[in-house]
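Enquirer: Below is the structure I would like to discuss, written out as structure tokens.
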Amino acid sequence: MNCSVITFPGSNCDHDAIFAAELAGWKVKNVWHEERILPIGTDLIILPGGFSYGDYLRCGAIARFSPIMHDVVKFAEKGGYIIGICNGFQILTETKLLPGVLLRNNNLMFRCKDVSIRVTNNKTAFTNKYVENEVITLPIAHGDGNYYADEEVINELEGEDRVVFRYSDENGNITEDANPNGSINNIAGIINGQGNVLGMMPHPERYSDKTLSSDAGLKMFLGILE
Amino acid sequence: MQEETKLFSEIEVNKEVAISLGLTEEEWENILKIMGRVPTYTEIGMYSVLWSEHCSYKNSIKQIKTLPRSGTNLLVEAGEENAGLVDVGGGYGIAFKIESHNHPSAIEPFQGAATGVGGILRDIFTMGARPIAALNSLRLGDLSSDRTKYLLRGIVSGIGHYGNAFGVPNIGGEVYFDDCYQDNPLVNAMAAGIVDVKNIATAAASGVGNPVIIIGSATGRDGIHGASLLASREFDEHTDDMRPTMQAGDPFAEKLLLEATLELIASGVVVGIQDMGAAGISCSTCEMSAKTGVGMKIDLDKVPQREPDMSAYEIMLSESQERMLAVITKGKEGRAHSICKKWGVNSVQIGEVTDDGLVRLWHKGKYVAELKAESLVLGGGAPQYDREATEPKYLLETRAFDTTKYETQLATEEEFWKILTSPTIASKRWIFEQYDSQVRTNTVSIKGDAGVIRLKEIPGKAIALTTDSNSRYTYLEPYNGGMIAVCEAARNVACVGALPVAITNCLNFGNPYDPEVYWQFKETIRGMGDACRALDTPVTGGNVSFHNESKEFAIFPTPTIGMLGIIEDVNKVMSANFKNIGDSIYMLGSERMEIGGSEYLKLMHNKISGKAPIIDIDEEKNLITTILELIHKELINSAHDISEGGIAICLAEKSILSDSLGCEVEFSDNATVGRVFGETQSRIIVSASAVQAKEMMKVCKKNSVNIIEIGTVIEDKFIINGLINTDVKTIRQKYEEAIPSLMKI
């Protein structure tokens, strides 16, 4: 199975995504954003974290216009699997492959720490290796992870069970204290209506190897393989 | 290039001009002698920056040369390149260095700290090494003052802004608060990178006719006089006027510059490359030429410029960030430019290498400079001074101060809380969570006594990094303080299971023309040198920052030590937290109950006095060997060294780091201040099971290391008999809340 990790200028978790996907068993190609066509046979695209174009203007707003994105959108429309992590999530919302927007954290500071996340939907292609409502620990590292959308969109996401991850306490309770950035309904990750495009702020690729305290994130890259 | 050869100066240069640029009268005479003529304005500008304290090390180099600089593991020794390089095996080297950005951070904390991080990262990747870790040592004044809060906020967000976007994990460092840093905060940024030894780049120019190219951002008017007039002077009422000279950092540009630089080096087109920080194009052209005795002719009109109508003087002195100067093999320019273009990085040929040893500059058709490169640089014509040194008078008073009456008093719970929640001791979470500590997926731990980064390139191996310095000790006894800084850094990397192999240092001092400051400087270096020789941890480089004083405050002598340790087996990395209920707790080392220069004395009696703790280098060496043996043989379950706040704080920190484990500790006699808050050196607290303990005792006996059992690991409670009996949850909460509650807006 073939995975393409897109590198934008300013991406800095691209090597990490490649490392984790390879650990999971993917054949990975690193694709420079100026390419116009995805490698033939791509089954999964990862839009990695980082600060594409320095996050100048707005996070992800410029990366959306990178040459490769035209083919990425076509890939998504045909049902291809895409994971956007952190800056990758921001790029997906700017591209409108996912609804809503990621605002500045409500405490106005960049935050890098472990958070508890409840897998609120384990029926997706990405999360089927997790148990329903399983609580996992993953790190976050962002300044703009405060998910926001208007009421209509939130109702649609909630109604269609498209909130895949929520910030919770270690027992899975969705509390205000457990919310690290002010996201509506503690949203940490969502999926599109077709179920093939997922965006999340926490970094599963960072916890994919037990040497680094945990491999709780590795299952994210294993689900689609089967 | 237009070959006009009659020199042009836009301003007539004389002694007054030279002095206004920060040169001394003696240096002006010296320049006239070297040149045999009056320099042009551009030339005197170049001398003023290259002969500045910041670039020339003129008042420090003679002392620095007394430090041990060679060792078995060194691939590149101090001073040879932009950073030292240590062999870690497997065909890889670790480049690492620490540098100050104190003066810029004092006048513009966000950009000052950000560009400090940017500068140290460039020092690493200009050698062909990919940065894999960053650390910061910060020192500020009283955190209850608004100015300190403003500085801390700006400095921390500046460091985060740059490092997070660049993509380097920030894995540690230290933060101290003391009144002496009120006007003059210290921001020392450290970075480490890994390089395939086949791809090590040099900062030397060679090959007559080879093109000289400038890579990266355009040159603007920012940073002019940064090295000469900002970093090489004390703070006074005019310092604020220097704010417009500040450089502004662009981490996005640096990230692209990193990728372009590493690809250029790996592609084999680069002859030599040097980053541009202090003194910009002046420094890079002269240093790269002088290193091999070649020259360069440069057409300044080719230099991409951010602003119109810049003069030759301004272009040469600009400290615009995110720039590199490279010499490329003739004929390979096309390949070089296409690599840069891929990464969106500008690259332009501005000149070529010549054989005459001269840096020659043309600007708008005029010939503006012709200088012997060698005459400007450190190790060449740059001045080297011996300064007068006198033992400071304050030492009479501090040494006479009798600490015994405090040491023998019974410690109180109230004192414990006050020390635990003092900003220097309390949790730095508010700070370190603003830094990305995990990007690059190599961070094994940031919770032990040193940060640990695994090396994917050499499976199983890891490195440990820390920064350390207790400037109160150095103030009270510079020689001991210098030794302790090195020893504590070595002890910290040893506590995570790493063999200490080399240091980098950042020497922050006051005005070197003050004989008392110079005495502190010489003594500190003497102490550091002795410790480094004894521990076989040579100095691979670093920097000196003088003139850290204002009218009201002179900083304590602060030698920040950055230590590199090597871990052979990443699975054996040791951490500080307790592991199992029922494990026994032991202290390795001797109890001397010293409180001179301690956090206790400062907080409870507002005194920074007495003598610094004794340091016995053989004892320290033994302790380090022993802890490494215990970790290697898996005979202990946790290790944490005793430092500020003494054994009580060490135990508290171990408990706070443990999820639901605490300790019950009992001393053979009274819980005196000296015993629980004393800061005697060369001590480590470990925990071990009964089975491990038996073997551990044997190892300690064999190595003649003193060991005593002091308590047991228990669930949820924190008990030091005679001092405190409480829950771990309570101490954790107070420890965590101290800084956030001060920083609340």
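The values are calculated or read from the model by the stated rules, or taken from the named source; none is laboratory data. Here the structure is a predicted model, which means the values were calculated and not measured. FYI the Cβ positions are ideal-geometry reconstructions off the backbone, even for glycines, and counts take in every protein chain you see. With ligands, DNA and RNA removed, areas are computed over all heavy atoms of the protein, side chains included. Shrake-Rupley method; radii C 1.70, N 1.55, O 1.52, S 1.80 Å.
Enquirer: Within region B:370-454, list the trypsin sites (Lys or Arg not before Pro) lying in a DSSP loop whose Cβ has at most 11 other Cβ atoms in a 10 Å radius.
Expert: Sites meeting the loop and neighbour criteria: B:393.
Enquirer: Amide H neighbours of residue B:74 under 5 Å, at least 5 residues apart or on other chains, H built in the peptide plane: list them.
Expert: B:87
Enquirer: Next question. For the full complex of protein chains and a 1.4 angstrom probe, list B:110, B:235 by accessible area with the highest value first.
Expert: B:110, B:235
Enquirer: Then there is this: Would you compute, for the Cα atoms of chain A, the largest minus smallest coordinate along each principal axis and list the three values in descending order, in whole Å?
Expert: Sorted largest first, the three principal extents are 43, 36, 32 Å.
Enquirer: Just want the answer: with Cβ charges of +1 for Lys and Arg and -1 for Asp and Glu, which residue in A:127, A:39, A:13 is farthest toward the dipole's positive end in chain A?
Expert: Positive-end residue among those listed: A:39.
Enquirer: Write out the trypsin sites (Lys or Arg not before Pro) in region A:1-55 meeting two conditions: DSSP loop, and at most 11 other Cβ atoms within 10 Å of their Cβ.
Expert: A:36
Enquirer: Same structure, new question: Would you mind working out the magnitude of the charge dipole of region A:91-186 relative to its Cα centre, with +1 at each Lys and Arg C-beta and -1 at each Asp and Glu C-beta, to the nearest 20 Debye?
Expert: The dipole magnitude comes to about 400 debye.
Enquirer: Separate question: Charges only on Cβ, +1 for Lys and Arg, -1 for Asp and Glu: so what's the dipole of region A:2-225 about the Cα centre, in debye to the nearest 20?
Expert: Computed about the Cα centre, the dipole is about 500 debye.
Enquirer: I'd like to know which of B:116, A:25, A:213 lies farthest towards the positive end of the charge dipole of the protein assembly as shown, counting +1 on Cβ of Lys and Arg and -1 on Cβ of Asp and Glu.
Expert: It is A:25.
Enquirer: Only protein chains counted, 1.4 angstrom probe. Which residues of region A:183-222 are at least 30 Å² less accessible in the assembly than when their chain is isolated?
Expert: A:206, A:211, A:212
Enquirer: Kindly sort A:144, B:178, A:114 by accessible area of their heavy atoms, largest first, with the probe set to 1.4 Å.
Expert: I get A:114, A:144, B:178, largest accessible area first.
Enquirer: Then there is this: Mind putting a number on the dipole of chain B about its Cα centre? Charges go on the C-beta only, +1 for Lys and Arg and -1 for Asp and Glu, and I need it in Debye to the nearest 20.
Expert: Using only the charged Cβ atoms, the result is roughly 1620 debye.
Enquirer: Could you calculate the contour length gain from residue B:5 to residue B:606, that is, 0.36 nm times the residue separation minus the distance between their Cα atoms, to one decimal place in nm?
Expert: Result for the pair: 209.8 nm of gain on full extension.
Enquirer: Okay, moving on. Over region A:2-225, what is the relative contact order in percent, taking alpha-carbon pairs closer than 8 angstrom and at least six residues apart?
Expert: 20
Enquirer: Express as a percent, rounded to the nearest 5, the fraction of DSSP beta bridges in region A:2-225 (both residues included) that run antiparallel.
Expert: Counting only bridges with both partners in region A:2-225, antiparallel ones make up about 55 percent.
Enquirer: Check each residue of region A:2-48 and keep those whose accessible area, probe 1.4 Å, is at least 10 Å² smaller with all protein chains in place than in the chain alone; give them in order of residue number.
Expert: A:9, A:10, A:11, A:12, A:15, A:16, A:19, A:32, A:34
Enquirer: List for region B:246-289: residues with 30 Å² or greater reduction in accessible area, all protein chains versus chain alone, probe 1.4 Å?
Expert: Residues losing area: B:252, B:255.
Enquirer: What is chain B's relative contact order, in percent, from Cα pairs under 8 angstrom and six or more apart in sequence?
Expert: Across chain B, relative contact order equals 15 percent.
Enquirer: Would you give the gap between the C-alpha center of region B:596-671 and the C-alpha center of region B:260-287, rounded to a whole Å?
Expert: Cα centroid of region B:596-671 versus Cα centroid of region B:260-287: 45 Å apart.
Enquirer: Another one. How large is the accessible surface per residue of chain A, computed with a 1.4 Å probe and reported in Å² as a whole number?
Expert: For chain A, the solvent-accessible area averages 39 Å² per residue.
Enquirer: One-quarter of the Cα convex hull surface for region B:645-694, in nm²?
Expert: Averaged projected hull area, Cα only: 4.5 nm².
Enquirer: Now a separate question. List the residues, sorted by chain then number, that are 5 or more residues from residue A:32 or on another chain and whose placed amide H is less than 5 Å from its amide H.
Expert: Result for residue A:32 returns A:7.
Enquirer: Grab the alpha carbons of the protein assembly as shown, take their convex hull, and tell me the volume per residue in Å³.
Expert: 155
Enquirer: Then there's this: Please give the helix B:25-35 orientation as an angle from the longest Cα principal axis of chain B, in degrees from 0 to 90, rounded to the nearest 10.
Expert: 50
Enquirer: Amide H to amide H under 5 Å from residue B:451: which residues, 5+ apart in sequence or cross-chain, H placed 1.01 Å off N in plane?
Expert: For residue B:451, the qualifying residues are B:465.
Enquirer: So, counting K/R as plus one and D/E as minus one, what does the shell of residues with Cβ under 10 Å around residue B:510 add up to?
Expert: -4
Enquirer: Here's something else I'd like to know. Using a 1.4 Å probe on protein heavy atoms only, how many Å² of accessible area do B and A hide from each other, summed over both chains and rounded to 100?
Expert: Buried: approximately 2400 Å² between A and B.
Enquirer: Here is a further query. What do you get for Rg/Rh of region B:29-69 when both radii come from the Cα atoms and Rh is the Kirkwood radius?
Expert: Ratio of gyration radius to Kirkwood radius for region B:29-69: 1.14.
Enquirer: Probe 1.4 Å, all protein chains in place: accessible area of residue A:152 in Å², nearest 10?
Expert: 140
Enquirer: If you don't mind, another one. Which one, B:17, B:527, B:294, is farthest towards the positive end of the dipole of the protein assembly as shown when Lys and Arg carry +1 and Asp and Glu -1 on their Cβ?
Expert: B:294
Enquirer: How many percent of the accessible area of the protein assembly as shown is carbon or sulfur, using a 1.4 Å probe?
Expert: 48
Enquirer: Same structure again: Just to be sure I understand: of the beta bridges DSSP finds with both ends in chain B, what percent are antiparallel, rounded to 5?
Expert: If I count the DSSP bridges inside chain B, around 80 percent turn out antiparallel.
Enquirer: Which ³J(HN,Hα) values in Hz, rounded to whole numbers, follow from the phi angles of region B:454-469 under the Karplus curve 6.51 cos²θ - 1.76 cosθ + 1.60, where θ = phi - 60° and Gly and Pro get x?
Expert: For region B:454-469, the Karplus-derived couplings read 7, 9, 4, 5, 10, x, x, 8, 8, 10, 10, 9, 8, 10, 8, 4 Hz, x marking Gly and Pro.
Enquirer: Right, something else. Using alpha carbons only, how many angstrom separate the centre of region A:149-226 from the centre of region B:109-146?
Expert: 33
Enquirer: Can you list the HN-Hα couplings for region B:572-586, worked out from phi with the Karplus curve (6.51, -1.76, 1.60; θ = phi - 60°), rounded to whole Hz and with x for Gly and Pro?
Expert: 9, 4, 9, 10, 8, 6, 5, 10, 9, 4, x, 4, 8, 10, 10
Enquirer: Another question about this same structure. Top to bottom by accessible area (1.4 Å), largest first, where do B:736, B:457 land?
Expert: These residues rank, largest area first, as B:457, B:736.
Enquirer: Please turn the phi angles of region B:699-705 into ³J(HN,Hα) values with the Karplus equation 6.51 cos²θ - 1.76 cosθ + 1.60 (θ = phi - 60°), one per residue in order, whole Hz, x for glycine and proline.
Expert: 4, 5, 5, 4, 8, 6, 9
Enquirer: Okay, next question. At 222 nm, what value in deg cm²/dmol follows for chain A if DSSP H runs of at least 4 each add -39500 (n - 2.57) and the sum is divided by all its residues, to the nearest 500?
Expert: -5000 deg cm²/dmol
Enquirer: What translational D, rounded to a whole number of µm²/s, comes out for region B:636-745 from Stokes-Einstein when the hydrodynamic radius is the Kirkwood one over Cα pairs, at 20 °C and 1.002 mPa s?
Expert: Rounded, D is 142 µm²/s.
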